[in-house]
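Visitor: Take a look at the following structure, please.
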Ligand SMILES: [Mg+2]
């Protein structure tokens, strides 16, 4: 079998209902999300699909460049081709999230082809399934959203803080869902967060018995994570913004987290995600892939990965997403009892619905970040530098 072509499909994904509310009037930000699907064609009529993240409009160009390396190759030589593509990017400084995003979607599509050619689901080729269902967690800001998730059987949810740390809201969510539902808090690695304040916040979060406290400090500086790690008795999670075993290695080797969160669309591919999980396993670190900005193809890939990884924790899922999510692929995944079933069709088990995809041409893929968290450090804004913010203002905001 030979690869005959590589196609890309960009989708302008619409706003998520939670962003519609939390981002207020910032429509520009709400409409900036894109999904990039990849399709690899072969001379035997089998096609494979994958999905890339990491700035999809830019990654599309990377995939198109890399396609010249792929055409004419045997798609079954997945690891060999991954190495060829990786080295082909050497002149661009190896990967970054653009390169690892391109690798992810391409490698995913190669696994899809192999599974279809052999007539088995991808998890069967990865050593077989350890579990048949993957637990998921959803996003909730309000009691109504938390109740909507638990009504679907969700047993875990995540809520953000993007400036003002609303301990009352976390307490309200705990009160709403009761003691049996896990709650996680995502700080999104705020650029204005200091280590000392991250520790203060973390100590107050200890009372909520969290599943994890995610990206409490800027991910650009892992020493900050190391400095707060020893002072906070809350499980920590991080890693969504980097890819490949090389990007995740310091989080794991330095035991900086309890939960590692590579993004399935830019982690470097199915094998890289499994290598990251394998590296984490003897450290007692769990895998909970990031999926917050991803489309539905990467979600299928995550299920195949998590079916075969002993230390898989649970998968992020935007349950109440833009409705187009449920039109652009088939079949549609449905949560039952807080879990997604692992796919059983050959390959990844998902196909693109191209007529639907064509309805959503891309318009933009970047936006000025919303500044409704500008109240975080009075008188600061999201653009304010930490060193000009006063202690009293920060202390007030951290306890709003
Ligand atoms: Mg996050």
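The values are calculated or read from the model by the stated rules, or taken from the named source; none is laboratory data. Computed from a predicted model, the values in this text were never measured in an experiment. Neighbour counts are summed over all protein chains in view; Cβ atoms, including those assigned to glycine, are modelled from backbone coordinates with ideal geometry.
Visitor: Residues 177, 165, 232: which one is in contact with a helix residue (DSSP H, G or I) (Cβ under 7 Å, 6 or more places away or on another chain), within 16 Å of the ligand (Cβ to nearest atom) and either more than 21 Å from residue 287 (Cβ to Cβ) or modelled with pLDDT under 95 (or both)? Don't jump to the end; show me each part of the working.
Guide: Working: 177 fails: within 16 Å of the ligand (Cβ to nearest atom); 232 fails: within 16 Å of the ligand (Cβ to nearest atom).
Unique residue meeting the criteria: 165.
Visitor: Residues in the range 146-155: is at least one under 19 Å from the mean Cα position of the chain (by Cα), in a strand (DSSP E or B) and at pLDDT 95 or above?
Guide: No, because not a single residue in the range 146-155 is under 19 Å from the mean Cα position of the chain (by Cα), in a strand (DSSP E or B) and at pLDDT 95 or above.
Visitor: Looking at (1) surrounded by 15 or more Cβ atoms within 10 Å (Cβ to Cβ); (2) not assigned by TED's automatic domain parsing to the domain that holds residue 149, can you tell me which one residue 363 breaks?
Guide: Every listed condition holds for residue 363 apart from (1).
Visitor: Could you tell me whether the range 267-274 includes any residue that is in contact with a helix residue (DSSP H, G or I) (Cβ under 6 Å, 6 or more places away or on another chain) and within 15 Å of the ligand (Cβ to nearest atom)?
Guide: For the range 267-274, residues in contact with a helix residue (DSSP H, G or I) (Cβ under 6 Å, 6 or more places away or on another chain) and within 15 Å of the ligand (Cβ to nearest atom): present.
Visitor: Inspect all residues belonging to the range 61-71 and state whether any of them is in contact (Cβ under 8 Å) with a residue 60 or more places away in the chain, in contact with a strand residue (DSSP E or B) (Cβ under 7 Å, 6 or more places away or on another chain) and part of a helix (DSSP H, G or I).
Guide: Within the range 61-71, the first condition is being in contact (Cβ under 8 Å) with a residue 60 or more places away in the chain, and the residues that meet it are 66-67, 70-71.
Cutting the leftovers down to in contact with a strand residue (DSSP E or B) (Cβ under 7 Å, 6 or more places away or on another chain) gives us 67, 70-71.
Remaining after also requiring part of a helix (DSSP H, G or I): 67, 70.
Yes.
Visitor: Looking at the range 300-318 only, could you name the residues that are away from the ligand (no atom under 16 Å from the Cβ) and either at pLDDT below 95 or part of a helix (DSSP H, G or I) (or both)? So that I can check it myself, show each step before the final result.
Guide: So the first thing to find is which residues in the range 300-318 are away from the ligand (no atom under 16 Å from the Cβ), and the list is 300-301, 303-312.
Matches in the range 300-318: 300, 301, 303, 304, 305, 306, 307, 308.
Visitor: Right, next: Let me spell it out: the conditions are (1) crowded, with 24+ Cβ neighbours inside 10 Å; (2) within 16 Å of the ligand (Cβ to nearest atom), and residue 277 meets all of them except one. Which number is the exception?
Guide: With respect to (1) crowded, with 24+ Cβ neighbours inside 10 Å; (2) within 16 Å of the ligand (Cβ to nearest atom), residue 277 is out only on (2).
Visitor: Right, next: What are the residues in the range 256-272 that are closer than 12 Å to residue 311 by Cβ and crowded, with 24+ Cβ neighbours inside 10 Å, if any? It would help to see each step written out before you state the result.
Guide: First, pick out the residues of the range 256-272 that are closer than 12 Å to residue 311 by Cβ: 258-260.
Residue satisfying the conditions is 260 alone.
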